[in-house]
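The structure under discussion appears below in the form of structure tokens.
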Amino acid sequence: MRIVIIGNGVAGMEAALTIRQREANWSITIISEESDHFFSRTALMYVLSGQLSHACIEPLERSTYGLQGFERVRARATGIDREGHAVLLADGERVPYDKLIIACGSRPRPASFWPGYDDLKGVGHFVTMQDLTWLEHEMHDKLSPARPPNEDAHLARTTPDSPYQPRPPASQVNGRKAERPVVIGGGLIGIEVIETMIAAGLRPTFLIREDSFWPIALDRQEALWIAEQMRHHGVEVRLGENVERLEGETTVQRVVTDLDVHKTDLVVVAIGVVPNTDWMGDAIERDKGGGILVDKQQRTNDPDVYACGDCASVEWFNGWVRPEQLWYTGRDQGRIAARAVLGDDVRYERGIFYNSAKLMDIEYTTAGLVNMKVEGEASWYHEEDGAVKSTTRIVHVDGQVIGFNFLGRRWDTEVCIRWIEERRTLEYVLAHLNEARFDTEFVPPLQIPVASSAA
């Protein structure tokens, strides 16, 4: 059996490893344009801030490909010949397959609707390995010493519209590192870039179109609390401000909004990501957002083609069909796709959502249904302003807890998920909440107030 996998992220690599565990003699080819080695995308910020090297964020040993007998192809896929059972590459090569797994991930959402976005140096994103290289130039005027010298050797096998094209830095024109950065977009990637800039001694401006930070994950109270913490670190947070255009000569010099003009020499656009599926044309059925439509076995409209990870649109609990852009859901979908290819009777069932992150120095933990507008939901909310500053929001329907949002303290998501599965009441959870503490022993427990705040 000839297996071809497009993408060497977590979904693609989990699929490859799962198949190899069962079939030692099957041919497995992994096509990847972005990088030679599987890396943790969520850890790119630690390389940019100088805390880790490129090799440190690779979950597998580089020898894994050879030891597992994986054939690597560093090139851009440009199409799928379904009748001929082959993947088409930018240089004209055809890679034949019996079963194809598409795990090509996401690409930065473009902002071509802003004049200047496509033309000025010093404007980019922070999603890909190539984005990391660009920001290393702009913010530090150097490349990481661990960066492989042949990292861009694939350029003869790509196309001009590839999201993995190297980006010329403005610092080469300006003759200096960036001094006045602007970050546009109020989400998790935006605040990660902000944190790396603070670590580099910069004082960025954060432009957020909405009237609060990260509205998809936080309610207004929580978002304003985070914004105030960012201002405390020297970030100029501008809420409710819409970008109209970017201005400059060769390099970006100004961001013009509906309220102000911001001088700058570096703009990072963090307005989200979209499935990286334009390259396949109409070969495989997709939704309006570009996500590849799959069934419960991650199978597409072609019985020999599967899709998993950020590029695949799966059914959510409420009937939505859209991608799940999370590390662990990509891992799980990759395993399901592989087992389906192997002939197992499996179905992908999304478990209870959870996530954790660190927003600057603020711990963030979430589990269950939060900000999903479930009918009849209410929120118990408490803000702590003592030795520890934190917020606690517990979402419930008719007293049954369905979700948690925590800021400022560390919590054990496994305990929170168990409470949701056990259909625990708000009264029970409040009485046992400190059982889910994940702080160090020196952090005092949260004191639950007698009176609750419900919204």
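Couple of notes before you dig in:
Here is a yes/no grid of residues against (1) buried (at least 16 other Cβ atoms within 10 Å of the Cβ); (2) within 28 Å of the chain's Cα centre (by Cα); (3) on the phi > 0 side of the Ramachandran plot:
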position: Thr366; (1), (2), (3): yes, yes, no
position: Lys373; (1), (2), (3): no, yes, yes
position: Ala387; (1), (2), (3): no, no, no
position: Val397; (1), (2), (3): no, no, no
position: Trp411; (1), (2), (3): yes, yes, no
position: Glu414; (1), (2), (3): no, yes, no
position: Tyr428; (1), (2), (3): no, no, no
position: Ile448; (1), (2), (3): no, no, no
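- Top-ranked residue in the range 430-443 [being open to solvent by 60 Å² or more (accessible area, probe 1.4 Å) and of a type in the set (A, V, I, L, M, F, W, C); ranked as farthest from Gly399 (Cα to Cα)]: Phe442
- In the range 352-362, the residues that are over 18 Å from Gly330 (Cα atoms), in a strand (DSSP E or B) and open to solvent by 40 Å² or more (accessible area, probe 1.4 Å): Lys358
- Flag if Arg245 is at pLDDT 95 or above, over 30 Å from Trp320 (Cα atoms) and surrounded by fewer than 19 Cβ atoms within 10 Å (Cβ to Cβ): yes
- One residue from Ile417, Ile362, Ile448 being more than 25 Å from His232 (Cβ to Cβ) and in contact with a Gly (Cβ under 9 Å, 6 or more places away or on another chain): Ile417
- Of the residues making up the range 65-92, those that are farther than 21 Å from Ile292 by Cβ and free of Cβ contacts under 8 Å to residues at least 24 places away in the same chain are Gly66, Leu67, Gly92.
- The lone exception for Trp380 - which of (1) over 20 Å from Tyr354 (Cβ atoms); (2) surrounded by 12 or more Cβ atoms within 10 Å (Cβ to Cβ) it fails: (1)
- Residue in the range 215-225 that is open to solvent by less than 10 Å² (accessible area, probe 1.4 Å) and more than 20 Å from the chain's Cα centre (by Cα) present: yes
The values are calculated or read from the model by the stated rules, or taken from the named source; none is laboratory data. In this text the structure is predicted, and so the values were computed from the model without any measurement. All Cβ positions, even for glycine, are placed from backbone atoms using ideal geometry, and neighbour counts span all protein chains on display. Heavy atoms of the whole protein, side chains included, go into the accessibility calculation; ligands, DNA and RNA do not. Shrake-Rupley method; radii C 1.70, N 1.55, O 1.52, S 1.80 Å.
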